[in-house]
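*Asks:* Sharing a structure, written as structure tokens. Questions coming.
The values are calculated or read from the model by the stated rules, or taken from the named source; none is laboratory data. Everything quoted here is computed from the prediction, not taken from an experiment. Cβ coordinates were reconstructed from backbone atoms using ideal geometry, including for glycine residues, and neighbour counts include every protein chain displayed.
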Amino acid sequence: TNFDELSNLDKKHIIHPVAVPKVHASVGPKIIFSEGKGVYVKDVHNRSYIDGVSMLWNVNVGHGRKELADVAHEQMMKMAYSSTFYGYGNEPAIRLAEKIASITPGDLNTIFYTSGGSESNDTAFKLSRFYWEQKGFKNKRKIISLRRGYHGVTVSAQRATGIDAFRNFSGSSDPDILNAKAHLTECELGDKSHPEFSGCIRSIIESEGAEHVAAVILEPIQGAGGVHLPPEGYLKAVRKLCDEFNILLIADEVICGFGRTGELFGVNNWEVVPDLMSIAKGITSGYSHLGGVVMNNRVADVIKEYDDVLPHGFTYSGHPTACAVGLKNIEIIENERLVENAHQMGAELEKGFNYLNEKHEIFTNQRNVGLLAGFDLMKDPDHNIPFEQSKQAAVSVVDECYKRGLLIRCFDFEPGMNIIAVAPPLTITKQEIEKTISILDDALASFSQKL
Ligand code: PLP
């Protein structure tokens, strides 16, 4: 293979995101991918793996889709790129906007295109602040986000992210972003005597004054913070809170959107309609880079009244090739009933987790909504005793899975945290779920044996 040559060049010329630069510069890439088909990917050694987290939770329709390659080819031959600045338009961007309006809940009808999730969230913050400014509330600027929320790495999205390493990297600042200390706790349901009340959204609104708060942002189910589900009634309560204090609600659907949770959008699981919705990832299943902020009529109508140039936009806002791919991707999700499949296969995954829970002492706190799933590893779950940091439990199990041909991901950014996520492509079959569970079974056994 040409692994050695590529590895040397990679070490020399690339700084990788979310990797340890010093280790990378000496050891080089862990895997160099060469191809993918369905839920499987291959590396340049011709080793095959199940893509257990759909790469970055985004390859919803699976790898190797000729239809998507064809539509990109066709659009590129016609006109690969045109701008949407200055009121210029293109058919794929227009058709996709109509499609998104028709599938998003409530009156979310208008989109501002971006090229990814971070840009979408920064855009959602700017448009929320602009909305209030246009309404005459210049001081309504603060954005409230949650602990363990992940919203991306552009400056404002970074500051909204509730994972310290990301939030604090390079000392970036946006003083109008307030990261709540509470984490999806029931205090949001209105109980002021709740022990975490002082760190929750309601208490921040009360102490800042609603006249200073523009919006609340949250993921319907937190992904990169470790797959955390909200307590029963939580999203509805936050929606009510926003209405009570006249604050906009932004749902970050970058992971949950486009079928991942067994519903087309994460908020659909709780019948909540946000004012703005950030989307990216699953909109193209990663076949092209695209994102957007979808807004309801209340927000769009105010922006549409603005009688000067809107000084915001990205070169790739409404990229025609990306939009053509997005449109075809949604067609695949609909025609192949992948949302239903995510729901059904989510149930199969849950059965597999039940089995692992029975069999392995250290496997605990399993959770899933459709194919967004996770579990914890603990030294002694019955007595709530975590592994010592030195054990690197989750890292080791992920490595055992890797050796057996399954790529999954872990989270250990807080002391005692050992979370593993599973989020395969929505095309996954029962057999492929069984294989995933069987590899996890062996990996957990092998790790436990070494304890
Ligand atoms: N929001 C959520 C919920 C995400 O999971 C991510 C990426 O993982 C982002 C935003 C950032 O998206 P991007 O990496 O496309 O900028």
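*Asks:* Can you pull out the residues in region 132-162 that are under 24 Å from Ile303 (Cα atoms), touching a strand residue (DSSP E or B) at 6+ places or on another chain (Cβ under 7 Å) and either within 11 Å of the ligand (Cβ to nearest atom) or in contact (Cβ under 8 Å) with a residue 60 or more places away in the chain (or both)?
*Replies:* Trp132, Lys140, Arg141, Lys142, Ile143, Ile144, Ser145, His151, Ala160
*Asks:* Name every residue in region 261-279 that is within 23 Å of Ser115 (Cα to Cα) and hydrophobic (A, V, I, L, M, F, W, C), in order of residue number.
*Replies:* Of everything in region 261-279, those that are within 23 Å of Ser115 (Cα to Cα) and hydrophobic (A, V, I, L, M, F, W, C) turn out to be Leu264, Phe265, Val267, Leu276, Met277, Ile279.
*Asks:* Return only the number of the condition from (1) of a type outside the set (Lys, Arg); (2) closer than 26 Å to Glu211 by Cα; (3) surrounded by 22 or more Cβ atoms within 10 Å (Cβ to Cβ) that Gly152 does not satisfy.
*Replies:* (2) is the only condition that Gly152 fails.
*Asks:* Looking only at residues in region 36-82 that are surrounded by fewer than 22 Cβ atoms within 10 Å (Cβ to Cβ) and polar (S, T, N, Q), which one is nearest to the ligand (Cβ to nearest atom)?
*Replies:* Among those residues, the one meeting the criterion is Ser82.
*Asks:* Are any of the residues in region 305-320 within 16 Å of the ligand (Cβ to nearest atom), of a type in the set (Val, Ile, Thr), under 22 Å from the mean Cα position of the chain (by Cα) and assigned to a loop (DSSP other than H, G, I, E, B)?
*Replies:* No: region 305-320 contains no residue that is within 16 Å of the ligand (Cβ to nearest atom), of a type in the set (Val, Ile, Thr), under 22 Å from the mean Cα position of the chain (by Cα) and assigned to a loop (DSSP other than H, G, I, E, B).
For (1) under 23 Å from Gly346 (Cα atoms); (2) touching a Cys at 6+ places or on another chain (Cβ under 6 Å); (3) assigned by TED's automatic domain parsing to the domain that holds Lys403, each residue gets a yes or a no:
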residue: Val44; (1), (2), (3): no, no, yes
residue: Ile50; (1), (2), (3): yes, no, yes
residue: Val71; (1), (2), (3): no, no, no
residue: Lys78; (1), (2), (3): no, no, no
residue: Ser82; (1), (2), (3): no, no, no
residue: Tyr86; (1), (2), (3): no, no, no
residue: Ala93; (1), (2), (3): no, yes, no
residue: Ala97; (1), (2), (3): no, no, no
residue: Ser102; (1), (2), (3): no, no, no
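*Asks:* Among the listed residues Thr436, Thr427, which satisfies the condition of being in contact (Cβ under 8 Å) with a residue 24 or more places away in the chain, part of a helix (DSSP H, G or I) and under 24 Å from the mean Cα position of the chain (by Cα)?
*Replies:* Only one candidate qualifies: Thr436.
*Asks:* Next question. Counting just the residues of region 177-197 that are within 28 Å of Val155 (Cα to Cα) and touching a residue at least 40 places away in the same chain (Cβ under 8 Å), which one comes out farthest from the chain's Cα centre (by Cα)?
*Replies:* So the residue we want is Glu188.
*Asks:* Being touching a Phe, Trp or Tyr at 6+ places or on another chain (Cβ under 8 Å), surrounded by fewer than 16 Cβ atoms within 10 Å (Cβ to Cβ) and either assigned by TED's automatic domain parsing to the domain that holds Ala215 or charged (D, E, K, R) (or both) narrows it down to one of Ile303, Ile330, so name that one.
*Replies:* That would be Ile303, the only listed residue that is touching a Phe, Trp or Tyr at 6+ places or on another chain (Cβ under 8 Å), surrounded by fewer than 16 Cβ atoms within 10 Å (Cβ to Cβ) and either assigned by TED's automatic domain parsing to the domain that holds Ala215 or charged (D, E, K, R) (or both).
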